[in-house]
1. Can you sort His233, His176 by how many other beta carbons sit within 10 Å, fewest first?
2. So what is the 222 nm mean residue ellipticity for the chain from helices alone, if each DSSP H run of at least 4 adds -39500 (n - 2.57) and you divide by all residues, rounding to the nearest 500 deg cm²/dmol?
3. Could you tally the net charge around Tyr22, taking each other residue with its Cβ under 10 Å from the Cβ of Tyr22, Lys/Arg +1 and Asp/Glu -1?
4. Does anyone have the angle between helix 269-279 and the longest principal axis of the chain? Alpha-carbon axes, 0 to 90°, nearest 10?
5. Once Lys and Arg get +1 and Asp and Glu get -1 on their Cβ, which of His50, Gln207, Pro142 lies farthest toward the positive end of the dipole of the chain?
6. Radius of gyration and Dmax for segment 3-91's Cα atoms, expressed in Å?
7. Using a Förster distance of 25 angstrom, determine the FRET efficiency expected from the C-beta separation of Tyr280 and Lys311, and round it to 0.05.
8. Taking N as the number of residues in segment 235-331, what value does Rg over Cα atoms divided by 2.2 N^0.38 Å take?
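Derivation of every value follows stated rules applied to the coordinates shown; laboratory data play no part. As the structure is a computational prediction, the values presented were derived from the model and not from experiment. No Cβ is skipped: glycine too gets one built from the backbone with ideal geometry, and neighbour counts run over all protein chains shown.
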Amino acid sequence: MSSSLVLITGATGFIGSWVTRYALEAGHRVRLTIRRESQQEKLAALFSKHADKLEFAVVPDFTKPGAFDAALQGVDQVIHLASPMPGKGNDFKTDYVDPAVKGTLIILDAAKSVPSIKRVLVTSSILALAPFGSMAPGVPLPPLIKENSGAKYTVDVDSDIADHGSKYHGSKILAHEATKEWLAANKPGFSVLTFHPVFVIGPSLIQQSAKEIDAVNGGLLQTLRTGNIVFHHPVFVDVRDVAEAMVKAVDGPASPGQEFILHGERTTYDDVAAAAQALYPEQGFQLKAPVSGNPVVLNTETKGAENLGIKFRPFKEVLQAFIDQQLSFSD
């Protein structure tokens, strides 16, 4: 069993809660950052089996310089999942780019002064590795999205970007490029790994009612029920696979600066419709094959996760896990 102390941000979230569970089950001691003391009770109850290995640090605003200085003391590894939610305003730079960039650089700056830290894991997105605009409806997909391709993407922070999806894509590109620039300029004594999942779905540890369904789970369920596609590209990965990859990477084989693409079984919306109709014929799902405008499969490289021993769950299994949970709620 590992005795390392892992700091995890974002444990109250869909992915972060699974990362916390798997880190504790792997034998790590875990320190969770929370924004309010009131969050501690719920998390302590959720992970009560591991109370002897769990501690908390209150970080009210992690975009402020010095926010993590105390929380990082004595830590061996960091898994950074917390991110300010974009889309609460309309300004691309102020409401999307600045929170995404600051949220990562501030924890990297703080980690630089903690000699015990060996590795920092940062959660990003597949969008950070794709050219800006390449994932929009009607745009041909990149032939292959690769890990550590060396490609550098740019987005004009002063450009007039109208839709939320494009603003989100742009912020992910700029945050990842800022991370790479920080590494080149600072050359820290720890390694930094970045994780780039596609749309994350699956069962939730924190959901307590049907109406609390996670955004991506909710979008996919809406697609099934109405037949209207919410996410243009059907690129999904199970939340448990994402969490397992991150926990294994805490002390697993990885090169400094390694990018990990996390992408489950490749699917089209015809595949999604077929799986849903086979599993739940009584639910009256309106998404049915052939799906109009069904896009081609997104091709990605996932060598990093495979080197960690990750075997991505089949899509049908992932779909069943989250829909079964959703149907189990009485509200």
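1. His233, His176
2. My calculation for the chain gives -10000 deg cm²/dmol from helical runs alone.
3. Result for the local shell: +1.
4. 80
5. His50
6. 13.1, 45
7. Computed FRET efficiency for Tyr280 and Lys311: 0.50.
8. 1.28
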